[in-house]
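The values are calculated or read from the model by the stated rules, or taken from the named source; none is laboratory data. Predicted, not measured: the structure shown is a model, and the values here were computed from it. Quick reminder, even Gly has a Cβ in these numbers, built from the backbone with ideal geometry, and neighbours come from all protein chains shown. Calculation scope for accessible area: heavy atoms of the full protein, side chains included, ligands and nucleic acids excluded. Shrake-Rupley method; radii C 1.70, N 1.55, O 1.52, S 1.80 Å.
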Amino acid sequence: MKIAIFGGSFNPVHKEHVNIVLSAKRELGLDKVIVIPSAVTPQKDGRIIVSSEHRLNMCRLAFGGIEGVEVSDYEIQKGGISYSYLTCEEFAKRYKEDNLYFIIGADMFENFPKWKYPECILDKVTLAVCSREKPLTATAQFDYVKFSYIGAKVSSTKIRTLCALGESVLEYVPQKVADYIESNSLYRLDFIDKLKRLLTPERWAHTVRVALMAAENCSKYNIPEDKAVIAAALHDCAKYLGRERPELKGFNFPEDVPDPVMHQYTGAYVAEHTFGICDEDILNAVKHHTSGRPEMSPLEKLIFLSDLLEEGRNFEGIEKLREGFSHSLDEGLKRALEHQLNYLNGTGAKVYLQTNNAYLYYKGK
């Protein structure tokens, strides 16, 4: 028989995972595909993750009823870090007389030589490679097969972020998985309903876009995803709160702060005293997301830039600013602060001292 292993964190499983399996079965003539959710995946630190039990249940819902596909709890039962070479060795023992394949995407294929003991994997299985967003162009010094499926761009990070904010993910996951996520409140931040009551629908849509941009860049800049999503969710939490609101009782309003900037300070106060946030890095990300400051943490820079550059923004020069952001946090921040100062000076608006100091600091770097 021809049998393929398809492993991953499946955090959560989504429609493209299912489509990849169906395409591999059809094009490679597979008799069976074994889907194996990991216990702990290497190099996933900082990402929002739910229990292995939930991920296993979601996989069973997504793949249940598909002929020739089974979901295995092998790595979960084994525990510890789930290394593919160990899984391949185990299933090679179980299926000694069969041809084994290991399904991976083009993005993983490019990094395959950096995996732990890739030669051990190649000794037991044949890699079956697909491309999700673009055709496979990579070359390799080892044998592999490929199948022609080119899927839609679906990001587990995006799905987790939408779930955290209480948004629908039915576009990206099977109906049964969407229902399971909702009924178990998976990934969802516990303060979301209270937060949404403080914002207009337009401001909430902006908040969602900020969170999505921040989350998608966490891995690149080694920033914990959970902290980024919380900070992004709360960054405008006090945008529409007047001074008389009970949420601001006890807050000392700083002097010489322009009106458009004040909500970052009130926001940090509300994040702490209304929403119970104790993490100083998250609070500082809210506190400086409009003005910036010298010596910002990576999380502060990420929220500042995501707020300014989220996909709903459209102003002259934004693509150049996004290009700087993609290059590095510091380069992105320097360009963004320069743009902000030019805009304020051009309109005759008051320039907040902290913004000017932040620009001089990062220009000097």
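Annotations
- Of the helices (runs of 4 or more DSSP H) contained entirely in the range 201-251, those carrying at least 2 residues that are touching a Cys at 6+ places or on another chain (Cβ under 6 Å) fall at 225-234.
- Residue count for the range 155-180, restricted to those that are more than 20 Å from Ala228 (Cβ to Cβ), in contact (Cβ under 8 Å) with a residue 24 or more places away in the chain and surrounded by 16 or more Cβ atoms within 10 Å (Cβ to Cβ): 4.
- Any hit, the range 189-199, residues being at negative phi, without any contact (Cβ under 8 Å) to a residue 40 or more places away in the chain, assigned to a loop (DSSP other than H, G, I, E, B) and touching a strand residue (DSSP E or B) at 6+ places or on another chain (Cβ under 6 Å): no
- Single residue of Gly348, Gly242 found to be of a type in the set (Gly, Ala, Ser) and open to solvent by 50 Å² or more (accessible area, probe 1.4 Å): Gly348
- Residues in the range 337-365 that are among the charged types (D, E, K, R) and either part of a helix (DSSP H, G or I) or more than 31 Å from the chain's Cα centre (by Cα) (or both): Glu338, Lys350, Lys363.
- Whichever residue in the range 275-287 is open to solvent by less than 40 Å² (accessible area, probe 1.4 Å) and free of Cβ contacts under 8 Å to residues at least 40 places away in the same chain and, among such residues, is nearest to Lys363 (Cα to Cα): Asn284
- Sole exception among (1) open to solvent by 10 Å² or more (accessible area, probe 1.4 Å); (2) closer than 24 Å to Asp256 by Cβ; (3) in contact with a Phe, Trp or Tyr (Cβ under 7 Å, 6 or more places away or on another chain) for Asp330, by number: (2)
- Test: Ser148 is in a loop (DSSP other than H, G, I, E, B) and of a type in the set (Gly, Ala, Ser): no
- Qualifying residues in the range 53-93 (those that are in contact with a Leu (Cβ under 9 Å, 6 or more places away or on another chain) and among the acidic types (Asp, Glu)) - the one nearest to Pro174 (Cα to Cα): Asp73
- Some residue of the range 241-251 being more than 28 Å from Asp190 (Cα to Cα) and more than 24 Å from the chain's Cα centre (by Cα): no
- Residue in the range 85-100 that is surrounded by 20 or more Cβ atoms within 10 Å (Cβ to Cβ) and small (Gly, Ala, Ser) present: no
- The residues of the range 245-267 that are of a type in the set (A, V, I, L, M), touching a residue at least 12 places away in the same chain (Cβ under 8 Å) and open to solvent by 10 Å² or more (accessible area, probe 1.4 Å), listed by number, are Val257, Val261.
- When restricted to residues that are of a type in the set (Gly, Ala, Ser) and at pLDDT 75 or above, the range 122-139 contains 1.
- Close contacts from the range 316-339, counting a first residue that is farther than 20 Å from Cys218 by Cα and a second that is polar (S, T, N, Q), with Cβ to Cβ under 8 Å and a gap of 6+ residues or different chains, come to Leu337/Thr355.
- The set of residues from the range 264-315 being within 19 Å of Tyr359 (Cβ to Cβ) and of a type in the set (Asp, Glu) comprises Glu295, Glu300, Asp307.
- Residues (open to solvent by 30 Å² or more (accessible area, probe 1.4 Å) and either assigned to a helix (DSSP H, G or I) or free of Cβ contacts under 8 Å to residues at least 24 places away in the same chain (or both)) located in the range 1-44: Lys15, Asn19, Leu22, Lys25, Arg26, Glu27, Gln43
- Inspection of the range 202-215 identifies at least one residue that is open to solvent by less than 30 Å² (accessible area, probe 1.4 Å), without any contact (Cβ under 8 Å) to a residue 12 or more places away in the chain and under 21 Å from Glu167 (Cβ atoms).
- A single member of Tyr144, Tyr172 is on the phi < 0 side of the Ramachandran plot and modelled with pLDDT under 95, and it is Tyr144.
- Residue tally, condition in contact with a Ser or Thr (Cβ under 8 Å, 6 or more places away or on another chain) and assigned to a helix (DSSP H, G or I), over the range 252-301: 7
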